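Input: a single structure, listed below in structure tokens.
The values are calculated or read from the model by the stated rules, or taken from the named source; none is laboratory data. Quantities reported herein were computed from a predicted structural model and do not represent experimental measurements. No Cβ is skipped: glycine too gets one built from the backbone with ideal geometry, and neighbour counts run over all protein chains shown. Surface areas here come from the heavy atoms of the whole protein model, side chains and all, with no ligands, DNA or RNA. Shrake-Rupley method; radii C 1.70, N 1.55, O 1.52, S 1.80 Å.
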Amino acid sequence: MSNICFKLFLVFSVFFCAVAARALNCAQCGRKIRGKYINVNGKAYCSRACYMKTLPKCADCGTLLKGRYYRRDGKAYCTECIKKYWPVCRGCGRHVRSGIVFKSTDDMFFCEDCARLPKCFSCLVPAYKGYKLEDGRYICRECAKTAVTNMDEAVKIFNDVRKKMGQRLGFSTNHRIKLRMVDVQAMQRRSPGYSHGIELGLFMFEAIVKTTVKNKFTLTGNRQETETFRENVSYSIFFLNNTPKKKLIEVFAHELGHDYMQEYYPDVLSVKFKEGFCELCAFLMNKVYGQPKMNRRIINNPDLTYGGGFRIMYGLYNEGGLNAVKRFLRKNSH
């Protein structure tokens, strides 16, 4: 029987017991207790009314907290009032106790349900009430507001980025570059190593390389000389349709970095150095366009090629500017 009473005590923490042999005083009113009393956490109360006076009240609505409640900054709250202090889901707008933070241009909090939704191909956050594009990609509501779907608009953005990149960074070429707006399937066909969310653009250099061998007659004998030249040279930049304007600026800056390397540092073999340099171009142009929040992805990118390469180039840039970066690329050309 005593075992049953002990279990009931653990469940309810409140029980009535017979009057003790020695006199007890109520922990609330101080009067001597005669007969039955309430024992809670080692304290005796003469009546339920006295015990109820010891219960906390919700700091917001003033409700007496008889059951489960929460504490925040030393104050007690009922289960309803505490919700207003919980973070708000960026998708559904509900106050929820737990969820996931997505580090895009800002820290975006999503509840666990919304966090499981398909991710936006551009910002990589859940596309709550977003759109599914014809090629299967998803785009969130925010990115969809400035999605570039018109080639004329894309050309205008590209020309502006190319002009500013030459003026502000000194990175420019005279190549005739063809712009091609494509869907994700077309991008994947041209880039076997395509990575969702990382590769929104692609630079392609194509040429037919021919080598001729000539016999040169000299006084000391015959000598063969080889001459290499290129035919049908073409430069192209592919980019995904529906890319938001700010992101497209970043994409064009990155791909123009590849164009610059092809002209001046074509013998750099390390993919990490190539992508790192192009990410530095995107980083600097984001600053030129007054959109530094876009650089959060570049700085925190865990990818060893893109993120790791950028951190190498950015370290060189911080130490000696763009000249230090150029010296490094010359040194690592084969």
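A Cβ distance below 8 Å, combined with a sequence gap of six or more or placement on separate chains, defines the contacts here; from the range 180-206, residues that are open to solvent by 50 Å² or more (accessible area, probe 1.4 Å) and of a type in the set (A, V, I, L, M) reach residues that are at pLDDT below 95 and in a helix (DSSP H, G or I) in the pairs Ile198/Tyr306. Filtering the range 273-298 to residues that are in a helix (DSSP H, G or I) and without any contact (Cβ under 8 Å) to a residue 12 or more places away in the chain leaves Lys287, Pro292. The single condition among (1) modelled with pLDDT of 85 or more; (2) open to solvent by 60 Å² or more (accessible area, probe 1.4 Å) that Phe16 does not satisfy is (1). From the residues in the range 79-101 that are buried (at least 18 other Cβ atoms within 10 Å of the Cβ) and not β-branched (Val, Ile, Thr), which one is nearest to Pro56 (Cα to Cα)? Only one residue tops the list, namely Cys81. Within the range 299-314, the set of residues being open to solvent by less than 20 Å² (accessible area, probe 1.4 Å) and either modelled with pLDDT of 95 or more or of a type in the set (Gly, Ala, Ser) (or both) comprises Gly307, Gly308, Gly309, Phe310, Met313. Condition first: in contact (Cβ under 8 Å) with a residue 60 or more places away in the chain and either in a loop (DSSP other than H, G, I, E, B) or of a type in the set (D, E, K, R) (or both). Now tell me which residues in the range 302-322 satisfy that. Passing the criteria: only Asp303. Spot the failing condition for Asn150; the list is (1) buried (at least 18 other Cβ atoms within 10 Å of the Cβ); (2) closer than 29 Å to Pro118 by Cβ; (3) modelled with pLDDT of 95 or more, and only one is missed. Failed condition: (1).
Residue by residue, here is whether (1) within 17 Å of Phe252 (Cβ to Cβ); (2) not basic (Lys, Arg) holds:
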position	(1), (2)
Cys89	no, yes
Gly99	no, yes
Ser122	yes, yes
Glu153	yes, yes
Lys156	yes, no
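Restricting attention to the range 262-272, the residues that are of a type in the set (A, V, I, L, M) and in a helix (DSSP H, G or I) add up to 1.
Being among the basic types (Lys, Arg) and farther than 21 Å from Leu65 by Cβ is the filter here; which residues of the range 25-54 pass it? Residues satisfying the conditions are Arg31, Lys32, Arg34, Lys36.
If you scan the range 66-85, which residues turn out to be modelled with pLDDT under 85 and touching a Pro at 6+ places or on another chain (Cβ under 9 Å)? Of everything in the range 66-85, just one residue is modelled with pLDDT under 85 and touching a Pro at 6+ places or on another chain (Cβ under 9 Å), namely Tyr69. For Lys32, the requirement of being of a type in the set (Lys, Arg), under 50 Å from the mean Cα position of the chain (by Cα) and open to solvent by 100 Å² or more (accessible area, probe 1.4 Å) is not met. Tell me, please, whether a residue that is in contact with a helix residue (DSSP H, G or I) (Cβ under 8 Å, 6 or more places away or on another chain), in contact (Cβ under 8 Å) with a residue 40 or more places away in the chain, surrounded by 14 or more Cβ atoms within 10 Å (Cβ to Cβ) and under 27 Å from Phe283 (Cβ atoms) can be found in the range 134-143. Looking for residues that are in contact with a helix residue (DSSP H, G or I) (Cβ under 8 Å, 6 or more places away or on another chain), in contact (Cβ under 8 Å) with a residue 40 or more places away in the chain, surrounded by 14 or more Cβ atoms within 10 Å (Cβ to Cβ) and under 27 Å from Phe283 (Cβ atoms), one finds at least one in the range 134-143, hence yes.
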